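Chemist: Take a look at this one; I'll ask things after.
Readers should treat all values here as calculations from the given coordinates under stated rules, not as data from a laboratory. All of these numbers come straight from a predicted model, not from anything done at the bench. Virtual Cβ from ideal backbone geometry, glycine too; neighbours counted across all protein chains shown.
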Amino acid sequence: MPTRSLVTAVFLSKAEALGVLEERLGLIWNTDDPSDVTLPLGYGAWLSIEVPKFGEDLPLTLDCHHEDSEVLDGVVTELATRLSDELGWATQLM
């Protein structure tokens with residue numbers, strides 16, 4: 001499954017980030033698997049947030065997924081623009 005990661009310049013917990021993204025970008029949590037909450041991004045893409053495994057204080061990384069890498073590239077570009085315009089978050093594509 002193709003994945004693109006947007007590394008932000010913000011430091012938020014997963015729960016805080018999910019709340020902000022839901023509220024400010026109008027994304028609705030998908031809680032089908034409560035241990036792996038995701039956010040649908042449209043076009044069949046979705047966003048997940050990995051929690052640092054050893055308690056590192058790392059910037060928030062948003063992992064975006066889609067079966068088609070071309071569709072995914074467009075979705076990630078759109079998301080990066082929205083994060084910048086609507087939240088003031090700088091991102092770097094990894």
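Chemist: To make sure I understand, if each residue's beta carbon is the centre and we count other beta carbons within 10 Å, what order do V20, V75 fall in, fewest to most?
Modeler: On the way: V20 16, V75 22.
Exposure proxy ranking, most exposed first: V20, V75.
Chemist: Using only alpha-carbon positions, what ratio does the radius of gyration of the chain give when scaled by 2.2 N^0.38 Å?
Modeler: Here the Cα radius of gyration is 1.00 times the empirical estimate.
Chemist: Return, ordered by residue number, the residues of region 63-81 whose backbone nitrogen is under 12 Å from a label point located 7 Å along Cα→Cβ of L25.
Modeler: 63-65, 75-81, by backbone N distance to the label point.
Chemist: Grab the DSSP H runs of the chain that are 4 residues or longer, score each as -39,500 (n - 2.57), total them, divide by all residues and round the 222 nm result to the nearest 500 deg cm²/dmol.
Modeler: Calculated from helices alone, the mean residue ellipticity at 222 nm is -9000 deg cm²/dmol.
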